[in-house]
1. Name the single residue that is surrounded by the fewest Cβ atoms within 10 Å (Cβ to Cβ) among those in the stretch 90-106 being within 14 Å of W173 (Cβ to Cβ) and of a type in the set (V, I, T).
2. So I138 clears everything in (1) crowded, with 20+ Cβ neighbours inside 10 Å; (2) free of Cβ contacts under 8 Å to residues at least 12 places away in the same chain except one condition, right? Which one?
3. Among the candidates D110, D131, D117, single out the residue that is more than 20 Å from the chain's Cα centre (by Cα) and modelled with pLDDT of 95 or more.
4. Quick check on G57: is it without any contact (Cβ under 8 Å) to a residue 12 or more places away in the chain and either over 14 Å from I128 (Cα atoms) or part of a loop (DSSP other than H, G, I, E, B) (or both)?
5. Name the residue, out of R121, R179, that is surrounded by fewer than 19 Cβ atoms within 10 Å (Cβ to Cβ) and over 25 Å from L54 (Cα atoms).
6. Restricting attention to the stretch 66-86, report how many residues are part of a helix (DSSP H, G or I), among the hydrophobic types (A, V, I, L, M, F, W, C) and touching a residue at least 60 places away in the same chain (Cβ under 8 Å).
7. Could you check G144 against (1) in a loop (DSSP other than H, G, I, E, B); (2) buried (at least 20 other Cβ atoms within 10 Å of the Cβ); (3) in contact with a Gly (Cβ under 9 Å, 6 or more places away or on another chain) and say which number it fails?
8. Is it the case, given these coordinates, that G141 is touching a Pro at 6+ places or on another chain (Cβ under 6 Å) and within 22 Å of E48 (Cβ to Cβ)?
Amino acid sequence: MGWSQRGRWRWATLSLVPVTVFVWLLATGFGHDPRIMPSVLVNKPAPEFALQDLQTGRTVDLRDLRGKVVVVNFWASWCTECIQEHPDLTDAWQRYGDQGVVFVGVLFQDREANAKDFVTRLGGGWPILADPGSRTAISYGVTGVPETVFIAPSGRIAFKQVGPVDPAILTTWIERLERRTSQAARTGP
């Protein structure tokens, strides 16, 4: 076996190492999927906010919503998945809003005019809140949109969905939190 043939084998072997590593990364998904990773905020008090509603100009303060199930949806008009989930949020708001469940949308890195146009075109009815400097999004650990946080009447975060919500997620978490509220009311303090 000559030197040139030995060099070719060595080169072939060494070139397989990065290919093997790359295939391994693809197989493992480059790590964990953030959609299935539990949020570190779950079971912790929801970060407080007091944000202005783009449609009414009133301030929505999370402290005023204590005692209610609160669904906080971080979204943007430019977000394709936000557009896709919007009908499901609208249906859930229509179904549970009269039962005392509070829905709020927090605008994420978007222009207010675009958000108002989005709501005009696609409907809604819950408060759409401006988040100057994304301070609220940062305190909730939002890395992209959509993300939805379900807050228990106690003010603690019960669940955080990274990515779009669907009817099953909305129904499961809203009804679970409503049941806890009903059970707590029956058993007393």
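The values are calculated or read from the model by the stated rules, or taken from the named source; none is laboratory data. Keep in mind the model is a prediction, meaning the values are calculated, not measured. Heads up, the Cβs are rebuilt from the backbone with ideal geometry, glycines too, and the neighbour counts pull from every protein chain shown.
1. V102
2. Every listed condition holds for I138 apart from (1).
3. None of the others qualify; the one that does is D117.
4. Taking the combined requirement at face value, the residue satisfies it.
5. Result of the check over R121, R179: R179.
6. The qualifying residues number 1.
7. (2)
8. no
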